[in-house]
Amino acid sequence: MRIRSHRTAAAAFVAVAAMTVAGCSSSGGREETGGDEAAAGVADTPRMEIAMITHAAPGDTFWDIVRSGAEDAAAKDNVELNFQGAPEAGDQVNLVQSAIDSGVDGIAVTLAKADALTPVVQAATEAGIPVVAFNGGFEDWQESGAVGYFGQDEELAGEAAGTRLTEEGAQHELCVIQEQGHVGLEARCRGVDNTFNGTSEVLYVTGTDMPSVQQAITSKLQQSPSIDRVVTLGAPFAMTAVQSVDAAGSEAQVVTFDTNEELIGAIQDGDVQWAIDQQPYLQGYLAVDSLWLYNTNGNTIGGGQPTLTGPSFIDSTNVDRVAEFAAGGTR
């Protein structure tokens with residue numbers, strides 16, 4: 001396992017940032033007002049426009065949580081936020097280019113397919129528009145020219161999952177990747193394999209077609225009854241995997257990366273054993289807030305290193321506490 005000296009400092013920053021988040025407004029962006037309203041928690045700095053461009057697929061509730069954090073930061077910072085998602089890298093490139101052409105004040109972008117996005121991110125920085133990366137691009141954000149990164153080390157998160165599976169006595173895990181070529185998802189499964197002492201397999205599915213996902217997992221479980229853990233890489237896929245386990249008559253347990261309110265309920269009910277949380281609310285919040293800080297005061301966050309927002313485990317020992325926040329759409 002690789003050791004990175006920045007983790008302790010990054011974790012400390014996240015703790016401070018989380019306290020800041022607790023005091024934020026939950027409304028959308030507001031017009032610049034100053035005066036009493038500024039004193040109530042809205043920045044009196046000049047109005048700025050930030051584009052947030054993700055690789056979000058339609059219906060993936062993970063991104064609703066990211067957006068919630070981004071909108072809360074935008075409300076506090078007097079920012080007009082333009083949030084857009086496109087699962088295809090080429091469409092993401094076009095959205096970033098459109099943001100450049102419209103002269104936004106900052107761009108926050110996920111670099112899930114960094115090879116495709118890096119040239120247009122560099123074009124933004126050359127045009128004088130600061131860019132931060134978040135959620136995807138842990139290994140590539142500096143090369144792209146971004147001034148910061150907010151997310152988790154996906155391979156490290158996978159290694160944490162693999163270690164836990166080994167400690168639980170699992171023998172055969174199936175890691176389900178819903179988007180082939182997504183560097184972050186591939187890194188998660190690679191990390192699981194790095195530290196898991198049993199048999200590891202990868203199953204590629206088409207994440208935009210959930211019925212086919214359920215069928216593929218069911219078929220695999222029927223073909224390989226020795227599988228005792230299904231590892232999914234997103235909350236909606238975990239819920240589908242629960243159905244697949246039932247349909248296949250399998251004894252496999254489901255564990256996952258990422259959460260939503262339904263998934264939290266599934267952990268409470270015992271249908272899903274645990275989830276790795278990367279704090280998507282915090283990723284969205286920090287991405288917007290960091291651009292506001294950069295533009296208004298020349299600040300950068302992380303000291304040239306990524307700011308880590310995970311991983312951490314949600315299981316039966318802490319799920320009730322997390323459920324309070326999930327009900328509000330922030331976990």
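Against the longest principal axis of the chain, how steep is helix 154-167, in degrees 0 to 90 to the nearest 10, with axes from Cα atoms?
30 degrees
Mean residue ellipticity at 222 nm from the helices of the chain, using -39,500 (n - 2.57) per DSSP H segment of n ≥ 4 over the full residue count, to the nearest 500 deg cm²/dmol?
Details: 13 runs with 157 residues, N = 331.
After summing the helix terms and dividing by residue count, I get -14500 deg cm²/dmol.
Take the alpha carbon atoms of the range 110-184, find their center, do the same for the range 207-246, and report the distance between the two centers in whole angstrom.
Between the Cα centres of the range 110-184 and the range 207-246 lies a distance of 23 Å.
Between GLN222 and GLU262, what's the calculated FRET efficiency when r is the beta-carbon distance and R0 is 30 Å? Round to 0.05.
On the way: r = 25 Å, r/R0 = 0.85.
About 0.75, to the nearest 0.05.
Summing +1 for each Lys or Arg and -1 for each Asp or Glu, what net charge is found among the other residues whose Cβ lies under 10 Å from the Cβ of ALA323? Display every interim value, and only then the final one.
Working: positive: ARG321, ARG331; negative: GLU261, ASP320, GLU324.
Result for the local shell: -1.
Spin-label point model (7 Å from Cα, Cβ direction): what's the GLU143 to THR195 distance in nm?
For GLU143 paired with THR195, the spin-label model returns 2.5 nm.
Any idea of the accessible area per residue across the chain, 1.4 Å probe, to the nearest Å²?
41 Å²
How far, in degrees from 0 to 90, does helix 114-126 lean away from the longest principal axis of the Cα atoms of the chain, to the nearest 10?
10 degrees
Report for the chain the percent antiparallel among DSSP-assigned beta bridges with both residues inside it, nearest 5.
The answer is about 10 percent antiparallel.
Spelling out what I want: for every residue of the range 306-311, take phi, set θ = phi - 60°, compute 6.51 cos²θ - 1.76 cosθ + 1.60 (Karplus), and round to whole Hz; glycine and proline get x.
x, 9, 7, 10, x, x
Apply the Karplus curve 6.51 cos²θ - 1.76 cosθ + 1.60, θ = phi - 60°, to the phi angles in the range 271-276 and return the couplings in whole Hz, x for Gly and Pro.
Running phi through 6.51 cos²θ - 1.76 cosθ + 1.60 with θ = phi - 60° gives 6, 10, 7, 6, 9, 9 Hz.
At 7 Å along the Cα-to-beta-carbon direction for both ALA327 and ASP115, put a label point, then send me their distance in nm to one decimal.
Label at ALA327, label at ASP115, 4.7 nm between them.
Considering the chain as a Gaussian network with a 10 Å cut-off on Cα pairs, which listed residue, ARG190, ARG67, ARG164, attains the greatest mean-square fluctuation?
Comparing ARG190, ARG67, ARG164 in the GNM, the peak value goes to ARG164.
Give the carbon-plus-sulfur fraction of the accessible surface of the chain in %, rounded to a whole number; probe 1.4 Å, heavy atoms of protein chains only.
46 percent
Expressed in nm to one decimal, what extension gain is obtained for the pair SER316 and GLU167 from 0.36 nm per residue of sequence separation less their Cα-Cα distance?
Gain in length upon complete extension: 52.0 nm.
Note down the Stokes-Einstein diffusion coefficient of the range 43-112 in µm²/s, whole number, using a Kirkwood radius over alpha carbon pairs, 25 °C, and 0.890 mPa s.
196 µm²/s
With angles folded into 0 to 90 degrees, how steeply does helix 183-195 sit against the dominant principal axis of the chain? Use alpha carbons for both and round to 10.
The two axes meet at around 50 degrees.
Could you tell me which label, among (i) 45, 22, 20; (ii) 35, 21, 18; (iii) 28, 24, 20, carries the value of semi-axes √(5λ) of the Cα gyration tensor in Å calculated for this structure?
Evaluating semi-axes √(5λ) of the Cα gyration tensor in Å on these atoms matches (ii).
Output wanted: per-residue J couplings in Hz (rounded whole) for the range 138-144, from phi through Karplus 6.51 cos²θ - 1.76 cosθ + 1.60, θ = phi - 60°, x for Gly and Pro.
Taking θ as phi minus 60°, the curve returns 3, 8, 10, 5, 5, 4, 6 Hz for the range 138-144.
Can you tell which of SER226, MET52, THR163 lies farthest toward the positive end of the dipole of the chain, using +1 and -1 charges on the Cβ of basic and acidic side chains (Lys, Arg; Asp, Glu)?
THR163
For the range 101-159, what are the per-bin percents of Cα-Cα distances with bins 10 Å wide, up to the bin holding the maximum?
26, 53, 17, 4, 0
Ranked from highest to lowest mean number of other Cβ atoms within 10 Å per residue, what is the order of the peptides 292-298, 275-281?
Sorting 292-298, 275-281 by mean packing, highest first, produces 275-281, 292-298.
Excluding LYS113 itself, calculate the net charge of residues whose Cβ lies under 10 Å from the Cβ of LYS113, where each Lys or Arg counts +1 and each Asp or Glu counts -1.
Overall, the nearby charge balance is -4.
The values are calculated or read from the model by the stated rules, or taken from the named source; none is laboratory data. Computed from a prediction, not measured in an experiment: that's the story for all the values here. Virtual Cβ from ideal backbone geometry, glycine too; neighbours counted across all protein chains shown. Surface accessibility is based on the protein's heavy atoms, side chains included, excluding ligands, DNA and RNA. Shrake-Rupley method; radii C 1.70, N 1.55, O 1.52, S 1.80 Å.
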